[in-house]
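To keep things clear, I will list the structure first and then write my remarks on it.
The values are calculated or read from the model by the stated rules, or taken from the named source; none is laboratory data. Predicted, not measured: the structure shown is a model, and the values here were computed from it. Because the Cβ atoms are built from the backbone with ideal geometry, glycine has one as well, and the counts that use them run over all protein chains shown.
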Amino acid sequence: MGKILKYAKENRNTIYLALFFVFIGVISGIIPYFITNNLIQRFIIKNTVSSWFVLTASAGIITFLIIKAVTQNIGMRLSHKAAYNTLFDMRKTFCDKLSRLPLGIIQNNGTGYYKKKIVEDIESMEIPLAHIIPEMIPNIVVPIFVLLIVFIKDWRMGLLSMASIPFGIIPMMLMLKTGVKKMPKYFSAQNRLNNNIIEYISGMEVIKIFGQTDSSFEKYENSVKNYIKYSTDWTLSSCKGMAIVTIVLPCTIILTLPVGLYMYFQGMLSLQTLIFTLMITMGIGVPFNRALLFIPFFPRLNYAISELENVFFQAELKTGSKTDKPKSYDIEFDKVSFSYEEKTVINDVSFSIKESTMTAIVGPSGGGKSTLAKLLVHYYDIDRGEIKIGGENITGYTQEALMEMISFVSQDSFLFDDPIIENIRKGRQNATDEEIMQAAKMASAHDFIMGLENGYQTVVGSSGGKLSGGERQRIAIARAILKDSPIIVLDEAMAHSDAENEDLIQDAINRLMKEKTVIVIAHRLRSIMNADTIMVINKGRIIEKGSHDDLMRCSDLYQQLWSANEKSYNWELEV
């Protein structure tokens, strides 16, 4: 519970105030039983009940019930206000944390993984904040205090009043033990379901085009059935225990009534004590049951908190405090090695790139081309070595300062479900509409944008789905042109372009690269023939570098890549 309050921060006082009002409500709910006991005692034993006393007692009971309703309502309103403010703060903290984590790890975990964390796991914190803390504590403390009064009155009746607790606690503990065992499989099934739902919806276009509706739906359907299996199994295993707990725990007279009557008729107990015990313990049954019913939530909450803290305490990218511009935009990789999931991806790579030059990185698929580019953009922290810009290690800069230096255009540039003008403005938030249009013209995007029904105000749809791949790519390039960073990284930026868009995109890239330090990851080798330096990477190592002509003379691997590329290019022309 202390961990949960830690996240509440400035909302703690509101939670404590809610706790106070609920305390008043619980006490007010028990006082009518004391009044009723007094009324019965006077009527049966003392026979001193007047009409005025009955009216007064009735008014007192009604008053305390009203106080109970009002104070508990206030308490619940305050606790929910604090809870939802805390959930908002937790989600904000979670998003801030994500912004400081290695982007590569976020992408590898998948959207469904983080969707579960930020929606379901954080939402589960509402129960302790809005209910367990303000409700459970008063509903335990007040009944315990009342039981102490019963013990003081007669210790035998005090023990009998507690008889229902073991009958309720034992099945509850068994439920908890079962829940702890079944919980990991349940949450694992929930994670798979989340990821498969997002994958199924996001890939709907590919699924339909390639006629994979049945097989893809089967994967989604299986994940749903798997989730149903584990959630149903967990629920059914708890049904009997929950029924026993719900019925037995509130029944505080389960032994006090029969045993108490026996003791009374045997002359071992006074009638006053018997009536007092029966009335008072009936008053504590409901709040006590309410409190104990929260116990099964604890294992699930602990699991959810552990899952959240796996993210909250995850190692962040190594960043510094430097914000000033470097002396130059020379780039240097010095004995850089990087592994992912114990597999070496980049192995002792060293090279340097001069400012205002173009360097291309080519090689077989899976050789490490894109990983090199992502390491420069600081998607991951490297295992060994240094990556420098202008002689300064990139980890010495703030992430914002580093991103100001670099524009990254990948083969899968993301567009927001916003108007085109706002998607381009992501490159520089304070840009004017005229500057955005100029960037679009330089990216060869202005004409097709103006041909759309709403021009620059056209909403592109989820992930830019209303536009073609070439159109999305030109908008991404316009965004990079608007950003005007001194270093440009192009990770197969023409991978999805068709013949019609290829020349337009290449022209846009040429304008983007003007007077910049450029790194190009390319599989279309014709587009990088004129690069100042071409580096050939294979199995995480730079094996050769030089100009196109140099590599054609001395690099067998480059020759193979060129030959395969030319065959592919010619095949496209023949079609």
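So here's what we get for this one:
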read-out: Counted residues, segment 70-96 - those being closer than 22 Å to Ile305 by Cβ, hydrophobic (A, V, I, L, M, F, W, C) and out of contact with any helix residue (DSSP H, G or I) (no Cβ under 7 Å at 6 or more places or on another chain); value: 2
read-out: Those residues of segment 251-290 which are closer than 24 Å to Ile24 by Cβ, out of contact with any Phe, Trp or Tyr (no Cβ under 6 Å at 6 or more places or on another chain), surrounded by 21 or more Cβ atoms within 10 Å (Cβ to Cβ) and of a type outside the set (Ser, Thr, Tyr), in sequence order; value: Phe276, Ile284, Pro287, Phe288, Asn289
read-out: Condition check for Gly104: over 28 Å from the mean Cα position of the chain (by Cα), farther than 17 Å from Ala304 by Cβ and either in contact (Cβ under 8 Å) with a residue 24 or more places away in the chain or surrounded by 16 or more Cβ atoms within 10 Å (Cβ to Cβ) (or both); value: no
read-out: Lys335 being touching a residue at least 40 places away in the same chain (Cβ under 8 Å) and in the same structural domain as Arg474 (by TED's automatic domain parsing); value: yes
read-out: Sole residue being among the aliphatic types (A, V, I, L, M), in a helix (DSSP H, G or I) and in contact with a Ser or Thr (Cβ under 9 Å, 6 or more places away or on another chain), chosen from Ile197, Ile137, Ile170, Ile149; value: Ile197
read-out: Test: Glu572 is in a helix (DSSP H, G or I), at pLDDT below 85, charged (D, E, K, R) and loosely packed, with under 13 Cβ neighbours inside 10 Å; value: yes
read-out: Tally of residues being of a type outside the set (S, T, N, Q) and at pLDDT 80 or above across segment 510-525; value: 6
read-out: Candidate set: segment 391-417, residues that are surrounded by fewer than 17 Cβ atoms within 10 Å (Cβ to Cβ) and in a loop (DSSP other than H, G, I, E, B); chosen: the one farthest from the chain's Cα centre (by Cα); value: Gly391
read-out: Within segment 373-390, considering residues that are on the phi > 0 side of the Ramachandran plot and assigned to a loop (DSSP other than H, G, I, E, B), the one farthest from the chain's Cα centre (by Cα); value: Gly390
read-out: Considering residues of segment 152-164 that are farther than 13 Å from Ile253 by Cα and in contact with a Leu (Cβ under 8 Å, 6 or more places away or on another chain) only, the residue surrounded by the most Cβ atoms within 10 Å (Cβ to Cβ); value: Asp154
read-out: Residue match in segment 351-371 (condition: of a type in the set (A, V, I, L, M, F, W, C), within 30 Å of the chain's Cα centre (by Cα) and surrounded by 15 or more Cβ atoms within 10 Å (Cβ to Cβ)); value: no
read-out: Elements of type helices (runs of 4 or more DSSP H) contained in segment 429-485, each with 2 or more residues being closer than 20 Å to Asp417 by Cβ and touching a residue at least 60 places away in the same chain (Cβ under 8 Å); value: 469-483
read-out: Segment 512-533, residues that are buried (at least 16 other Cβ atoms within 10 Å of the Cβ) and over 14 Å from Val489 (Cα atoms); value: His523, Arg524, Leu525, Ser527, Thr533
read-out: Counted residues, segment 18-57 - those being more than 55 Å from the chain's Cα centre (by Cα) and buried (at least 19 other Cβ atoms within 10 Å of the Cβ); value: 1
read-out: Looking only at segment 469-503, and only at residues there that are of a type in the set (S, T, N, Q) and at pLDDT 80 or above, the one that is nearest to Phe448 (Cα to Cα); value: Gln473
read-out: Among the candidates Lys483, Lys441, residue that is within 27 Å of Val520 (Cα to Cα), assigned by TED's automatic domain parsing to the domain that holds Lys369, of a type in the set (Lys, Arg) and crowded, with 18+ Cβ neighbours inside 10 Å; value: Lys483
read-out: Lone unmet requirement of (1) at pLDDT 85 or above; (2) surrounded by fewer than 18 Cβ atoms within 10 Å (Cβ to Cβ) for Ile15; value: (2)
read-out: Segment 51-73 residues that are within 21 Å of Pro138 (Cα to Cα), paired with ones that are aromatic (Phe, Trp, Tyr) (beta carbon under 6 Å, 6 or more apart); value: Thr71/Phe21
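Per-residue answers, yes or no, for (1) over 30 Å from Ala189 (Cβ atoms); (2) not small (Gly, Ala, Ser):
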{"residue": "Ile105", "(1), (2)": "no, yes"}
{"residue": "Lys116", "(1), (2)": "no, yes"}
{"residue": "Val119", "(1), (2)": "no, yes"}
{"residue": "Val142", "(1), (2)": "yes, yes"}
{"residue": "Leu147", "(1), (2)": "yes, yes"}
{"residue": "Ala163", "(1), (2)": "yes, no"}
